[in-house]
Structures are given as C-alpha cells and as structure tokens.
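Values quoted throughout were computed directly from the atomic coordinates according to the rules given, and no laboratory measurement underlies them. What you see is a predicted model; the values in this text were computed from it and never measured. Here the Cβ is made from the backbone with ideal geometry for all residues, glycine too, and neighbour counts use every protein chain on show.
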Amino acid sequence: MAVKSFQGQRAEQTDKGAPIMVKDYMAKKLVSFKPDQSVVEAMEILVKNKISGGPVIDDQDELVGIISEGDCLKQISQSKYFNMPMSDIKVKDYMVKEVKTMDAFVTIFEAADYFLNNKIRRFPVMRHGKLVGQISQKDILEAVLKVKH
C-alpha cells in the first residue's frame, strides 16, 4: 500500500484573516471498513449509511485502502461473469490500495484544485501519519457556500 499525501501551501484567508482549512469541513466520524470484511457487508454498510465509500483500516488502525460503490460494482459484475459467490469476496480484494490523502491543514481552495487534478470523489485526511477524517467534493462545496455567506 502506498499513501501519497497532498500537503498544499496553506495560504488562503477569510475576511477575518483565518485560513479556511480542510480540518474545519472534513467528516470526523467515519464509517470505516476492515480488509477481511465481506464486500457484501461493505455494500450493506454503504447503503445503510448513504455514503459512497470509506477508508479501509487494519487492526493497527492504519489506513490500508479505500472501498467505494464503484469498487463494489466491479465485484458484482465479475461475480456474475465468473459465477462466483459474492459472500466469499473480501474488501481487500477490491479496495484501492494506492491511496491519495490530504493533510488536514490544506486550504479548501487547494483541496478543490487537488480534487480536480486527481478526479477522486473523497480523500482520507491525515495528520502526522494518522487518519483524522475524510473530505469529499460535497464538503468543499458546502465550505465555499458557508464562506460566501
């Protein structure tokens, strides 16, 4: 697994002089997954929580991947094609292992650029090598609207 972290310049300011940071708009209470969880269980959790994906955490609470609706759809398609039982497939078999992350102290404007340049819907947010949250494109939009008002 390779974690690639985006640090940013940390420069944008609000009218009051305080930077508008990812840490202020990221989700902090995350729904996470385990590598050995079944993909079917992951799908149930995604649907139940109305989320499109989340971090995969090992037993040492280290980020080891990301699982999304798209990853689950790939599994459904392949199971049907190869006539494989879905209950035997694990999250670790379909999660994205090359994880791009974002630092908690990146501005929302830098984060918007990072989203555009990477074409990813969500980034785990890290601080000192530890997972502290997750930021989505929707979170950035909400932050900009709050700042605008």
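What to note about this one:
- Scoring 64-73, 32-41 by mean Cβ neighbours within 10 Å over their residues and listing the highest first yields 64-73, 32-41.
- Among 103-112, 121-130, the order from most to least packed when residues are scored by Cβ within 10 Å on average: 103-112, 121-130
- Taking Cβ atoms as reference points and 9 Å as the exclusive limit, the residues near Gly53 contribute a net charge of 0, counting Lys and Arg as +1 and Asp and Glu as -1.
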